[in-house]
Amino acid sequence: MSSSDMLDRPAETLSRASDALAAALADPDRVPDAALRSLIANVVRLYAVKAEAGMRTPLPADGGGVTITDAMLTITDLLHALNVQLFELSMWQAMTGNCIAPHQRVDAPQS
């Protein structure tokens, strides 16, 4: 697949990349650390751009297979890399109202 094909068909490219990353879970050393860090940074930036444009749905109900430990490790490392404390995150959410609404929470009672 050429670079222009990847840009022309981002959904297919992302789907293939997602499958490749899922396969790499069995042998994580096959994925270079620098490439993974770059990918994570770009995924986070894309997620933020889409969220600011109105995508306010949390991850799939099952978390997309992400465990609590997976999330905590990733979030801790992201906050540490940016020198942000958990208290600052809470304050930002309170000041901006930028958090998941109660009715969007995956643990909200279903009506």
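So here's what we get for this one:
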| quantity | calculated |
| --- | --- |
| Approximate spin-label separation Val31-Lys50, in nm, with each point projected 7 Å along Cα-to-Cβ | 1.7 |
| Karplus (6.51, -1.76, 1.60) ³J(HN,Hα), θ = phi - 60°, over the range 37-46, in Hz, Gly and Pro reported as x | 4, 5, 4, 4, 4, 5, 5, 4, 5, 5 |
| Proximal charge balance of Val44 [Cβ under 14 Å; K/R count +1, D/E count -1] | +1 |
| Accessible surface of Leu14 - all protein chains present, 1.4 Å probe, nearest 10 Å² | 110 |
| Rounded FRET efficiency, nearest 0.05, which uses the C-beta distance separating Thr96 from Thr67 and R0 of 22 Å | 0.20 |
| Part-to-part distance (alpha-carbon centres) for the range 28-44 and the range 74-91, which is given in Å | 19 |
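The values are calculated or read from the model by the stated rules, or taken from the named source; none is laboratory data. Just so we're clear, the structure is a prediction, and the values are computed from it rather than from any experiment. Because the Cβ atoms are built from the backbone with ideal geometry, glycine has one as well, and the counts that use them run over all protein chains shown. For accessibility, only protein heavy atoms count, side chains too; no ligands or nucleic acids. Shrake-Rupley method; radii C 1.70, N 1.55, O 1.52, S 1.80 Å.
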